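One structure is given here, and the rest of the page talks about it.
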Amino acid sequence: MARRTSRTLPTALAVAALVATRSTAAHASTTPMTSRTVGTLWTSDATDSGDGQSHLVGIDPSTGKESARIGVGVEAEPWSIALTRDGRTAYVANFHNGTLGVVDTSAKKMTTAVPLGIDADYVTLSGDQKHAYVTSMVAQKLAIVDTATKQVVRTVTLPGPAEGAVVSADGKTVYIGVYSRKDVVALDARTGAQQAVFSAGAPFARRVRLSHDGKQLYATDYYGGAVDVYNTSKPAQAPKKVAVGGRPLDLVLSPDGRTLYASDTGSGVAAVDTRTLKARQFVVTPSFGDLAVSKDGKSVYLAQYQSTGSVSALATGSGRVTGTLGHGLAYPNGLALGPTS
């Protein structure tokens with residue numbers, strides 16, 4: 001398996017390289033985002049450091065300092081993180097060695113590396129946390145992992161390279177963004193059988209999210225500079241398109257569901273009002289990576305994958321950069337916020 005050094009598809013999948021970010025951006029402050037503890041922000045060092053390991057890295061958002069560094073394998077290259085609701089277990093999609101790392105965040109150690117048989121690009125959990133779903137761009141497959149037995153129970157062939165995935169609240173459906181095609185597919189979460197295809201939207205769907213009520217499906221159109229908004233009950237209906245600029249990657253919803261944040265290479269973060277579908281821009285440079293939002297909805301975090309080796313904290317009201325967290329990371333990648341570990 002060839003090692004990947006950027007968040008683009010390999011040459012064999014014929015996609016272009018990332019564009020450069022704009023230089024007219026606000027500079028991040030080194031001041032911590034807040035003076036109180038708000039949990040642990042988990043990110044991943046996508047490349048190896050001096051000890052030969054790839055890492056899951058914990059950051060205290062109140063101080064901006066690293067609070068944990070957990071090895072997840074030699075040249076593992078973790079690309080995505082999913083946390084259990086209590087924050088005690090982190091599932092890490094290790095692209096390069098094709099495993100799903102299972103990390104005990106309290107003991108600060110990886111307990112299991114589940115061999116997937118595919119490269120691991122993105123991981124998401126079902127609502128009951130009984131299954132993890134791992135997508136692959138290169139193999140163009142979905143691995144379904146039983147989190148109790150830590151075994152792959154099914155591998156599903158997808159209609160193209162895929163990264164983003166999200167599971168419906170009832171646990172019956174998993175939605176997959178099919179990269180390089182105009183599709184988001186809905187699959188039976190147990191069998192992997194195709195239930196529906198959401199078409200005529202994003203030519204390059206990267207990440208997907210569901211509204212809290214499950215009625216809206218959001219997908220980033222990576223080369224179209226937009227977020228596509230689908231009606232989950234009407235797969236054949238063309239989506240509404242929200243221009244956000246750049247090449248949008250990740251999506252995260254505010255706790256109240258009224259704002260959808262999208263990271264992109266053009267401005268940094270776009271905040272989309274989910275009722276009016278109007279977007280405003282939060283300018284950050286460089287600006288490409290995964291997102292997380294605080295439990296109170298007042299801060300959004302952006303993993304600065306492109307070059308700074310840190311995580312930016314932004315105030316959701318003003319869009320102002322309020323802190324630079326976790327200095328010196330090697331290409332911080334996945335991002336997830338959990339309780340204090």
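Structural remarks
- Residue (of 106, 92, 145) at the positive-pole extreme of the range 92-157, dipole from beta-carbon charges: 106
- Local electrostatic count at residue 217 - Lys and Arg +1, Asp and Glu -1, tallied over other residues with Cβ under 15 Å: +4
- Counting 0.36 nm for each residue step from residue 273 to residue 188 and taking away their Cα separation leaves a gain of 27.6 nm.
- Net dipole in debye of the chain [+1 Lys, Arg Cβ; -1 Asp, Glu Cβ; about Cα centre; nearest 20]: 700
- For the range 264-341, a/c is not less than 1.5, where a ≥ b ≥ c are the root eigenvalues of the C-alpha gyration tensor, and a/b does not top b/c. That puts it in the oblate class.
- Entry for the range 183-223 at q = 0.14, 0.15, 0.30 Å⁻¹: log10 I(q)/I(0) = -0.34, -0.39, -1.08, Debye formula applied to identical alpha-carbon scatterers, no solvent contribution.
- Debye equation applied to the C-alpha atoms of the range 145-282, log10 I(q)/I(0) at 0.12, 0.13, 0.21, 0.22 Å⁻¹: -0.44, -0.52, -1.23, -1.32
- Apportionment of accessible area to carbon and sulfur, the range 264-336, percent (1.4 Å): 51
- Given (1) 6, 27, 35, 22, 9, 2, 0; (2) 6, 29, 38, 24, 3, 0; (3) 6, 24, 32, 22, 10, 4, 2, 1, 0, the label whose value is P(r) over Cα pairs in 10 Å bins from 0, in percent derived from this model: (2)
- Heavy-atom surface of the range 198-341, accessible at 1.4 Å and reported per residue (Å²): 34
- Cα gyration tensor of the range 58-217 - equivalent ellipsoid semi-axes, whole Å, descending: 26, 17, 15
- In summary, the lysines within cross-link reach of residue 241, defined as a Cα separation below 17 angstrom excluding same-chain residues under 8 places away, comprise 182, 215, 278.
- Each other residue within a Cβ distance under 9 Å of residue 273 adds +1 if Lys or Arg and -1 if Asp or Glu, for a net charge of +4.
- Inter-site label distance for residue 223 and residue 237 at 7 Å from Cα along Cβ, in nm: 2.8
- Pairwise FRET efficiency - residue 318 versus residue 75, Cβ, R0 = 45 Å, nearest 0.05: 0.65
- Taking 0.36 nm per residue of separation and subtracting the Cα-Cα distance, full extension of the segment from residue 84 to residue 296 would add 74.5 nm.
- Around residue 154: net Lys/Arg minus Asp/Glu count, Cβ-Cβ under 11 Å: 0
The values are calculated or read from the model by the stated rules, or taken from the named source; none is laboratory data. In this text, all values refer to a predicted model and were calculated from it rather than measured experimentally. FYI the Cβ positions are ideal-geometry reconstructions off the backbone, even for glycines, and counts take in every protein chain you see. Areas reflect the complete protein model, heavy atoms only, side chains present, ligands, DNA and RNA absent. Shrake-Rupley method; radii C 1.70, N 1.55, O 1.52, S 1.80 Å.
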